[in-house]
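Q: To start, I am sharing the structure in question, which I have written as structure tokens.
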């Protein structure tokens with residue numbers, strides 16, 4: 001006869017105290033959700049009482065520890081949480097520190113025994129992404145790296161449309177007489193930034209304006225693009241100020257507006273500024289920001305849809321999905337206010 005499994009056996013297997021395991025199994029509010037899920041999963045693995053038939057369905061949201069600084073993702077995460085809950089899954093926020101990415105250390109809960117799927121957000125290190133895929137856990141990335149494929153892995157990428165909308169913004173500036181236009185943002189940060197830069201350069205090329213580097217700020221993303229002091233120093237260091245800045249996202253554009261105002265420039269009279277994403281602060285900043293409207297909540301819903309498909313059919317073909325965007329004209333440019341919400 002098999003030996004009866006006890007709470008102490010579960011505690012020993014996890015390196016926890018018997019009291020912690022007991023509280024976790026009884027849903028005590030003092031026990032963190034991640035610990036509770038780990039205990040219940042181990043109880044199921046060891047066939048402890050009625051837990052032997054229980055399957056814990058967890059999805060890890062794997063993201064950088066500074067994710068709260070990026071305005072775009074708050075609504076996306078809300079969409080993910082809503083959709084996962086409707087599908088009967090728990091969402092476990094799993095933060096990765098920069099030093100973990102450099103060393104290639106995955107969080108301890110990123111294991112097949114703990115998770116049914118991974119949603120990766122704002123982790124754009126090729127070796128680290130390969131390590132995540134190497135776990136064999138079904139994975140969907142929100143955005144990815146430019147010019148990078150992981151040929152020996154199955155995964156999906158969900159993005160918003162970037163190139164055409166940035167091309168249209170830049171072309172409008174050129175059509176209204178701008179010739180000195182700068183781009184602000186590291187085009188190599190992620191595929192979205194790279195595609196926005198491609199749209200920007202395509203518009204310049206078609207308009208006969210080939211060189212924007214003297215008007216641009218494109219240092220590596222390790223620099224503090226969201227620091228007004230840093231941005232002010234970068235703008236002051238330009239040999240010549242452009243008549244318009246096209247920024248890689250709204251958070252950068254808002255920082256640019258604040259920096260320009262601190263230097264005494266009037267927007268859009270002296271210089272025009274555009275962003276991308278249409279985050280809530282883009283409509284609050286003075287002047288309100290001309291930008292590209294994305295649909296972050298719907299993006300979160302679509303991410304979960306893709307992940308459910310990947311869980312059901314792990315070996316299906318890889319997909320990259322783009323969600324449409326739309327231009328929003330506001331007071332940071334002199335363009336007529338066509339689509340002001």
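The values are calculated or read from the model by the stated rules, or taken from the named source; none is laboratory data. It should be emphasised that the depicted structure is a prediction, and the values quoted were computed from it without experimental measurement. We place every Cβ from the backbone using ideal geometry, glycine too, and count neighbours over all the protein chains shown.
Q: Among the residues of region 129-154, what is the count of those that are on the phi < 0 side of the Ramachandran plot and assigned to a loop (DSSP other than H, G, I, E, B)?
A: Qualifying residue count, region 129-154: 13.
Q: Mind checking which residues of region 191-226 are closer than 17 Å to residue 273 by Cα, in contact with a helix residue (DSSP H, G or I) (Cβ under 7 Å, 6 or more places away or on another chain) and outside any helix (DSSP H, G or I)?
A: 212, 217, 225, 226
Q: Another question about this same structure. If I filter region 162-173 for residues that are assigned to a loop (DSSP other than H, G, I, E, B) and buried (at least 22 other Cβ atoms within 10 Å of the Cβ), do I get at least one hit?
A: Within region 162-173, one or more residues are assigned to a loop (DSSP other than H, G, I, E, B) and buried (at least 22 other Cβ atoms within 10 Å of the Cβ).
Q: Test residue 95 against the criterion of being in contact with a strand residue (DSSP E or B) (Cβ under 7 Å, 6 or more places away or on another chain), surrounded by fewer than 19 Cβ atoms within 10 Å (Cβ to Cβ), modelled with pLDDT of 85 or more and outside the structural domain of residue 281 (by TED's automatic domain parsing), and give yes or no.
A: So residue 95 passes the test.
Q: Next question. Inside region 270-302, can you point out the residues that are over 13 Å from residue 74 (Cα atoms), in a strand (DSSP E or B) and in contact (Cβ under 8 Å) with a residue 60 or more places away in the chain?
A: 272, 273, 274, 290, 292, listed by residue number.
Q: Step by step: first the residues of region 90-121, then only those that are part of a loop (DSSP other than H, G, I, E, B) and in contact (Cβ under 8 Å) with a residue 60 or more places away in the chain, then the one that is nearest to residue 153 (Cα to Cα). Which residue is that?
A: Within region 90-121, the match that is nearest to residue 153 (Cα to Cα) is 116.
Q: Exactly one of (1) outside any loop (DSSP other than H, G, I, E, B); (2) out of contact with any strand residue (DSSP E or B) (no Cβ under 9 Å at 6 or more places or on another chain); (3) surrounded by fewer than 19 Cβ atoms within 10 Å (Cβ to Cβ) is unmet by residue 83. Its number?
A: Checking residue 83 against (1) outside any loop (DSSP other than H, G, I, E, B); (2) out of contact with any strand residue (DSSP E or B) (no Cβ under 9 Å at 6 or more places or on another chain); (3) surrounded by fewer than 19 Cβ atoms within 10 Å (Cβ to Cβ), the one that fails is (3).
Q: With touching a strand residue (DSSP E or B) at 6+ places or on another chain (Cβ under 9 Å) and at pLDDT below 90 as the only criterion, which of 162, 147, 90 stands out?
A: Residue meeting the stated conditions: 90.
Q: Just for region 123-138: of the residues that are buried (at least 19 other Cβ atoms within 10 Å of the Cβ) and touching a helix residue (DSSP H, G or I) at 6+ places or on another chain (Cβ under 6 Å), which one is farthest from residue 189 (Cα to Cα)?
A: 138
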